[in-house]
Structure formats: C-alpha cells, structure tokens
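Any read-out appearing in this document is the output of simple, stated calculations on the displayed coordinates, not a laboratory observation. Predicted model only: the values in this text are computed from it and were never measured. Glycine also receives a Cβ, built like all others from the backbone with ideal geometry; neighbour counts cover every protein chain displayed.
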Amino acid sequence: MLIAGFAAGAAALLAPVVYAAEGKEIYAKACAACHAAMPPKLGDKAAWAPRIGTGVAALQASALKGKNAMPAKGGNLTLSDDAVKAAVEY
C-alpha cells in the first residue's frame, strides 16, 4: 500500500509538469507560426491582458472553436480538447 500511495502522490506532483510540457509542444506545433506573425504574440503581456481577463475557460473556448481569423484547434482538428487546453495554459 505504501508503494501505491507513493506512486499516486508522485503522479499527482508530476501531472502539472507533464501537462505544461505537452502544452509547450502543442503550442509549438499548432499555434506558434501564426502567433509569431500575428497578435497576440507569445509574451506580449499588453496584448494578452484583455484576453486573459476573460478567464481561462474563455481562452480555451476560443482555441477550441476558433475566433476571428484563428481556426479551431489552431487548424489541427486532430488535436484532442485536452491538448488544446494544455497549449492555452502554456
């Protein structure tokens, strides 16, 4: 039981790290090309502030469904919803 408890605890601690790593990878593959050329650009706090102000759920919805010129799921409809959400959180 001790080993099972340790494994569960370790998994819980590592989950955010794995999720962040996946988000970075998904962002690089599906989002970075457009966000490097068009606003809002990664790291542009002023451009992201009003969007972040709407909340994570709204940002995720935009990424999942598309908004204005941004296609749903960054144009990669094979991405899972969780993968897209990880990219948004990244």
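If the only charges are +1 at each Lys and Arg Cβ and -1 at each Asp and Glu Cβ, what is the size of the charge dipole of the range 36-90 around the Cα centre, to the nearest 20 debye?
160 debye
Spelling out what I want: for every residue of the range 26-36, take phi, set θ = phi - 60°, compute 6.51 cos²θ - 1.76 cosθ + 1.60 (Karplus), and round to whole Hz; glycine and proline get x.
Per residue, the Karplus-derived 3J(HN,Hα) values read 4, 4, 4, 7, 10, 10, 4, 4, 6, 6, 7 Hz.
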